[in-house]
Ligand code: F0G
């Protein structure tokens, strides 16, 4: 039986005999071949569907471990700033561990599903008028003076847990892909993947990918080389103007011979619709930034024909129903009569 990441990858994690076994059976997510997009783009493309983690995003990979280590150190409460997914994961794992979660969110700027999760898992929710960067600054200061463990990705145990996704990819493919495409917000995940690929390279002799990270254009601090005071993008998950792991992300890019580039909201929405409609995978807009980037890099030659590319779908599309409803052409046919329905279907099928 699969029992989660602590059990599976203990030898790769800084575990002690006092680390509690906290698990929601996170990880072990599928690497889905994106057949139609592969054909269209002329590459071999897979989507690692992190939206199938227990709280619907990749955050579970880091959170089980950050919370376990917080409990190990005697903490009774954890705190985080979040654009939504971290708060959902923190809330769920805090509940499993029997500690309190305080989550600080930018008011009105997190997707509905994520807020609903934090509420249901029983977190204390604090909304501030500022953005994620301001929320993170505040919780970092609070964690200095108060008896709470900070579980944002500045906590090194988060990256330790998140690196396991790179292990799974190498195990599934037998090697690393040529290119790993990933959205960049606070820049923790790209740093964690690179750490994971390097560790597997050293221990198992698997290859190293080129790391291609993608920021949203209105929040592209690393690409522009400056802090963005008022980040804006439809992809609220990555609406971040001063990434905490900036330097680590640049190191991942440079050591791997990769790139960090930006994608517009239009490119994000195009990829968001495309992967659902063409390959049957519904991801949240922030996740679609990586696919938008793959499409851009195939066009400009940064990804070459025939290469194997893994794009990380960091969060489930169900997290953000508002964007789905607002950004698609909705046609719902209201019918109450069986015959009308039969005729409608018959005509439809006949025209296929
Ligand atoms: N994709 C999704 C769905 C996210 O929720 C995030 C970050 C990212 C990508 C970017 O990952 O920050 O490691 O570069 N969400 C954080 C949160 C900030 O609070 O949920 P990153």
**Fill in**
region 282-299 scanned against label point 7 Å out from residue 266 along Cα→C-beta; backbone N under 15 Å for 296
**C-alpha long axis of helix 265-279 to longest principal axis of the chain, angle in °** = 70
**Item:** Per-residue Cβ neighbour rank within 10 angstrom, fewest leading, 336, 262
**Value:** 336, 262
**Item:** Relative contact order %, region 247-352, counting alpha carbon pairs below 8 Å whose residues are six or more apart
**Value:** 22
**Request:** Return the FRET efficiency for the residue pair residue 302, residue 28: r is the Cβ-Cβ distance, R0 is 41 Å, and the value is rounded to the nearest 0.05.
**Result:** 0.85
**Message:** I need the peptides 301-310, 66-75, 288-297 ranked by packing, meaning the mean over residues of other C-beta atoms within 10 angstrom, with the highest value on top.
**Reply:** 288-297, 66-75, 301-310
**Message:** Can you tell me the length gained on complete extension of the stretch residue 273 to residue 254, counting 0.36 nm per residue apart and subtracting the Cα distance?
**Reply:** 3.7 nm
**Request:** Using label points projected 7 Å from each Cα along Cα→Cβ, tell me how many nm separate residue 73 and residue 116, to one decimal.
**Result:** 3.5
**Message:** For region 64-139 and region 209-282, what is the centre-to-centre distance using only Cα atoms, to the nearest Å?
**Reply:** 23
**Asked** Against the longest principal axis of the chain, how steep is helix 285-300, in degrees 0 to 90 to the nearest 10, with axes from Cα atoms?
**Response** 70
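Evaluate the Kirkwood expression for the hydrodynamic radius of the chain, namely the inverse of the mean inverse distance over all pairs of different C-alpha atoms, and round to one decimal in Å.
Values: mean 1/r = 0.0486 Å⁻¹.
One decimal place: 20.6 Å for the Kirkwood radius.
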**Request:** Before anything else, pin down the relative contact order of the chain: Cα pairs under 8 Å, at least 6 apart, normalised by residue count, whole percent.
**Result:** 19
**Request:** Would you mind computing, in nm to one decimal, how far apart the modelled labels at residue 332 and residue 141 are, each placed 7 Å from Cα along Cα→Cβ?
**Result:** 4.5
**Message:** If I fit a long axis through the Cα atoms of helix 164-173 and take the longest principal axis of the Cα atoms of the chain, what angle between them do I get, 0 to 90°, rounded to 10?
**Reply:** 50
**Request:** With a Förster radius of 25 Å, plug the Cβ-Cβ distance of residue 171 and residue 21 into 1/(1 + (r/R0)^6) and report the FRET value to the nearest 0.05.
**Result:** 0.70
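Here, each number is a calculation from the coordinates, and none is a lab measurement. Just so you know, these numbers come straight off a predicted model, no measurement behind them. Neighbour counts run over all protein chains shown; Cβ positions are idealised from the backbone, glycine included.
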